[in-house]
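Asker: Okay, handing you the structure first.
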Amino acid sequence: MAIQFSTTVRNARLDQIETTIGTAPTLEIRTGSAPANCGSADSGTVVATLTLPSDWMAAASSGAKSLSGTWQDLSADATGTAGHFRIKVGSTCHIQGTCSATGGGGDMEISPNASVTAGQSFTVNTFTLTDGNA
């Protein structure tokens, strides 16, 4: 039998992520594939950099935690196809994953599409962390 946690424990683990990272992380949308892990050097070109809201994730519920507030860049940094993202404090990566257009199945989904043009506005529509061991 695999180890299982109650929903209360799963929610607490998820809420601790936001507490640990803090209230002023940045989100980088980058081209290409994500590095092997958060400890690896950045890869790809930064097409957008967003400062996330101070309460950037909603309280965990039912073992999941979703974005909170508006995650929007009114003017993208560069032109390129969004491939992955990194949530950082300073130069330290704390979360990374795939990035796609809405409905594209990425860990984070943006609109209007994954082809970003310098100066364009775009919005992060979907980002959810789900704790395992249910």
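The values are calculated or read from the model by the stated rules, or taken from the named source; none is laboratory data. From a predicted model like this one, the values you see are computed outputs, not experimental measurements. Cβ: placed from backbone, ideal geometry, glycine included. Neighbour counts: every protein chain shown. Protein only, heavy atoms only, side chains kept; ligands, DNA and RNA dropped before computing areas. Shrake-Rupley method; radii C 1.70, N 1.55, O 1.52, S 1.80 Å.
Asker: Could you list, ordered by first residue, the pairs with Cβ atoms under 8 Å in which the first is in region 5-21 and over 20 Å from F127 (Cβ atoms) and the second is loosely packed, with under 13 Cβ neighbours inside 10 Å, at least 6 apart or interchain?
Answerer: Close Cβ pairs satisfying both conditions: F5/N133; F5/A134; T7/S62; T7/A134.
Asker: Exactly one condition in (1) surrounded by fewer than 18 Cβ atoms within 10 Å (Cβ to Cβ); (2) part of a strand (DSSP E or B); (3) of a type in the set (D, E, K, R) is false for D42; which is it?
Answerer: Going through the list (1) surrounded by fewer than 18 Cβ atoms within 10 Å (Cβ to Cβ); (2) part of a strand (DSSP E or B); (3) of a type in the set (D, E, K, R), D42 breaks only (2).
Asker: If only one of Q4, Q16 is surrounded by fewer than 15 Cβ atoms within 10 Å (Cβ to Cβ) and more than 20 Å from H94 (Cα to Cα), which one is it? Walk me through it before giving the result.
Answerer: Details: Q16 fails: more than 20 Å from H94 (Cα to Cα).
Just a single option satisfies the conditions, and that option is Q4.
Asker: Inspect all residues belonging to region 86-107 and state whether any of them is within 18 Å of T130 (Cβ to Cβ), free of Cβ contacts under 8 Å to residues at least 60 places away in the same chain and of a type in the set (D, E).
Answerer: yes
Asker: Could you say which residue among A24, A76 is surrounded by fewer than 16 Cβ atoms within 10 Å (Cβ to Cβ) and of a type in the set (A, V, I, L, M, F, W, C)? Show your work before the answer.
Answerer: Details: A76 fails: surrounded by fewer than 16 Cβ atoms within 10 Å (Cβ to Cβ).
When all the criteria are applied, what remains is A24.
Asker: Let me ask something else. Go through the residues of region 46-56 one by one and say whether even a single one is on the phi > 0 side of the Ramachandran plot and open to solvent by 40 Å² or more (accessible area, probe 1.4 Å). Walk me through it before giving the result.
Answerer: Going residue by residue through region 46-56, those that are on the phi > 0 side of the Ramachandran plot are none.
No, because not a single residue in region 46-56 is on the phi > 0 side of the Ramachandran plot and open to solvent by 40 Å² or more (accessible area, probe 1.4 Å).
Asker: Would you say T130 is of a type outside the set (G, A, S), within 14 Å of I29 (Cα to Cα) and open to solvent by 60 Å² or more (accessible area, probe 1.4 Å)?
Answerer: Values: of a type outside the set (G, A, S): yes; within 14 Å of I29 (Cα to Cα): no; open to solvent by 60 Å² or more (accessible area, probe 1.4 Å): yes.
So T130 fails the test.
Asker: Just to be sure, is G103 part of a loop (DSSP other than H, G, I, E, B) and open to solvent by less than 60 Å² (accessible area, probe 1.4 Å)? So that I can check it myself, show each step before the final result.
Answerer: Details: part of a loop (DSSP other than H, G, I, E, B): yes; open to solvent by less than 60 Å² (accessible area, probe 1.4 Å): no.
So G103 does not fit the description; no.
Asker: Among the residues of region 59-73, write down those that are part of a loop (DSSP other than H, G, I, E, B) and open to solvent by 40 Å² or more (accessible area, probe 1.4 Å). It would help to see each step written out before you state the result.
Answerer: First, pick out the residues of region 59-73 that are part of a loop (DSSP other than H, G, I, E, B): 59-60, 62-63, 68-71.
Residues satisfying the conditions are A59, S62, G69, T70.
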